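What follows draws every value from the coordinates through simple rules; no lab data is involved. Just so it is clear, the model here is predicted, and its values are computed rather than measured. Cβ: placed from backbone, ideal geometry, glycine included. Neighbour counts: every protein chain shown.
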Amino acid sequence: MKNYSIFISSSDAYSDLWPIFFDLFHKYWPQYKGVIYLNTESKTYQHPHLKVVCTNVGHQSSFGRTFRKGLDKVETDDILLMMIDHIFMGDVDHAKMIEYFNYFKDHDIDSMYLAHQNYRELEKTNFKDIDIIVPPAQFIFAFQISFWKKNVLIKMVLPHENPWTSENYGSKRASKMKLKFTCLSKEVKLPIIYDLSGCLDKGKWLENAKEHLESIDYPVNYSKRGFRTKTPMPLKLRIKIKRIYISHYLKGLYWGLFRK
């Protein structure tokens, strides 16, 4: 039987989101009965209606190490990747999830994004819902809800990287590898309804999440995180970010040589 596990990329710093995320998960996808791996450091969490397994990877020095150690705990070869701030905003089309995963398996796909990706070049498949992403493509790797072969996903995130450098340099790695990346066609309705920008930005709540949570009368204490305000990025921060990208690029070159 074709099977997969769900892997939720998180950390203890987001533990205040766990009850919200999983309550909405159960509300909108009650048909899911499989295992959900929640990537944690030392904290644990359980939900009365879901099979949540906490990875408890311990404190790590980077996002990449936390992500990879958590992924190592997953026992299935295939996963559905989700980020903790991608909260559900509508009923999941369970039948479509089964159909898409079967296609993913039957056609030996390395990654299937369950949303449309506005890439420069896409090729049609024999299934009208699915397009093939033609490399090279900017951000061919992205932390959106997607099916993955676990052994491919781990190559997209190096130990020293953060989410942004992983998407940048992981995309470059993916474009050079002979991988089959797919996404949903533009006309297709999302089987999992969520905001692709997430519910947080730099740890602050976004208004789209607040509007949805208020629409279903879900109580949230927004004062802990506050809300995002649009302010210009200081020059020192821009320089710091540029240095991080350069540093991660050089470390990635060393990692490539080391792995050879």
His94 to Lys43: FRET efficiency via 1/(1 + (r/R0)^6), r the Cβ-Cβ distance, R0 35 Å, to the nearest 0.05? 0.75
Find the eigenvalues of the gyration tensor of the Cα atoms of the chain, then list the square roots of 5 times those eigenvalues as equivalent ellipsoid semi-axes, largest first, in whole angstrom. 26, 25, 19
Mind checking which aspartates and glutamates have their Cα closer than 16 Å to the Cα of Lys178? Skip sequence neighbours fewer than 8 apart in that chain. Asp108, Asp110, Glu123
Length gained when the stretch Phe139-Ser62 is fully extended (0.36 nm per residue, less Cα-Cα span): 25.6 nm
A chain fully extended from Lys180 to Asn221 at 0.36 nm per residue, minus the present Cα-Cα distance, gains in nm 10.5 nm
Please tell me the relative contact order of the chain in percent, rounded to the nearest whole number, where contacts are Cα pairs under 8 Å and at least six residues apart. 19
Can you flag which of Lys149/Lys204; Lys69/Lys202; Lys27/Lys124; Lys96/Lys150 are past 27 Å Cα-Cα? Lys149/Lys204; Lys27/Lys124
Indicate, rounded to the nearest 5 percent, the antiparallel portion of the DSSP beta bridges found entirely in the stretch 5-198. 50
Dimensionless Rg/Rh of the stretch 1-132 - Kirkwood Rh, Rg from C-alpha atoms: 0.98
For peptides 166-179, 216-229, sequence by mean Cβ density within 10 Å, most packed first: 166-179, 216-229
Mean Cα-pair separation over length for the stretch 1-96, i.e. relative contact order, pairs under 8 Å, 6 or more apart, %: 41
Can you tell me how much longer the chain between Ala13 and Leu206 gets when fully stretched, taken as 0.36 nm per residue apart minus their C-alpha distance, in nm with one decimal? 67.7 nm
